[in-house]
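These notes are about the structure you will find just below.
The values are calculated or read from the model by the stated rules, or taken from the named source; none is laboratory data. Note that the structure is predicted; figures quoted are calculated from it, not measured. Cβ coordinates were reconstructed from backbone atoms using ideal geometry, including for glycine residues, and neighbour counts include every protein chain displayed.
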Amino acid sequence: MTRTPVGIDWTTIGRPIDPRFPTNLAIVVVSVLTWLSVALAHALLGRVWHQAIQAGLAAAMATFLAWAFARELDPDRQASAFLAAAGGLASNLLLGNPHLVLLLWFMMAIRFINQSTGSPPGILDYGGFYGIKLWLGGATHWSLPLLALPTVLLSDLDRFPRWIRIALPAALPLATIAFGLLRGWHLRLPSIPQTETAVLAIILIGTVPIILSYRTVRAVGDRSGTPLRPHRVQWGIGWAAAAGVVLLLTGGVSLGDLGPLWAALAGAEIGWLVQTLRK
């Protein structure tokens, strides 16, 4: 029988939605209502029923994912997550459907860094993370493997034998080179309207006070029950914003592909501003 190495779990980064917590139940209800409302609106506009249902589901997913990202990026302010959920719905209606697989990868990457469950990633977590990353590197943009390098270096590799500690990070620049050669190292500056550019710039500037506000963290890990480490939360926020901008400016994704992520950052900034004004 195969044994897991001592001190390394199979998987640790999953965070189930426990409906016993009011905020978790609330986002489930909000997401379902969003699904039904948007689907009904599309049906009334004359779209066939299966297209209306798909449009409602996409809006609900954008709403929920924005909430989930905000819970990762701003764990001490629960109000930020619901502000982000509203932004996620708005981004879906204005910018189109998000790239769900890419957002799943971003969520895994952030949890590799901030370890919001209280534990470093397990063996299956690395397997899924690398699998999705390599698929996205070939299908979306060659820079994705290199963007993953900070997440892996911050994932407590000291638990593994030396050859794994070397192989896991080394595989990322090698994969980037391979995909770059295959895809022609294309770099396309996106054409973003001025209004959207201004909003994005404000969001990015606003990440600075959010990062600085996490010199201490009250939120605890789901598995450990101990407070999250401030530097990990700060690195998670910084990496998410930087990686999103790099992909956008290199032509790897559109603004709408990462709509829930931008909504989460905006929600965190509004939540921080409200809290600061109250103080």
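Scoring ASP18 on the criteria (1) modelled with pLDDT of 95 or more; (2) surrounded by fewer than 18 Cβ atoms within 10 Å (Cβ to Cβ); (3) acidic (Asp, Glu) leaves a single failure, condition (1).
Kindly indicate the residue of the stretch 120-160 that is modelled with pLDDT of 90 or more and of a type in the set (Gly, Ala, Ser) and also surrounded by the fewest Cβ atoms within 10 Å (Cβ to Cβ) among those meeting that condition. Ranking the candidates gives GLY131 first.
Any chance the stretch 41-52 includes a residue that's crowded, with 16+ Cβ neighbours inside 10 Å, in contact with a His (Cβ under 8 Å, 6 or more places away or on another chain) and outside any loop (DSSP other than H, G, I, E, B)? Checked against the condition, which is being crowded, with 16+ Cβ neighbours inside 10 Å, in contact with a His (Cβ under 8 Å, 6 or more places away or on another chain) and outside any loop (DSSP other than H, G, I, E, B), the stretch 41-52 yields at least one hit.
The residues listed here are LEU187, LEU200, LEU204, LEU247; of these, the one that is part of a loop (DSSP other than H, G, I, E, B) and of a type in the set (A, V, I, L, M, F, W, C) is LEU187.
SER37 satisfies every condition listed in (1) surrounded by fewer than 21 Cβ atoms within 10 Å (Cβ to Cβ); (2) within 19 Å of TRP105 (Cα to Cα); (3) touching a Gly at 6+ places or on another chain (Cβ under 8 Å) except (2).
For (1) in contact (Cβ under 8 Å) with a residue 40 or more places away in the chain; (2) under 17 Å from the mean Cα position of the chain (by Cα), each residue gets a yes or a no:
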{"position": "LEU100", "(1), (2)": "no, yes"}
{"position": "LEU103", "(1), (2)": "yes, yes"}
{"position": "MET108", "(1), (2)": "yes, yes"}
{"position": "ILE123", "(1), (2)": "yes, no"}
{"position": "ILE132", "(1), (2)": "no, yes"}
{"position": "GLY138", "(1), (2)": "yes, no"}
{"position": "LEU154", "(1), (2)": "yes, yes"}
{"position": "LEU157", "(1), (2)": "no, no"}
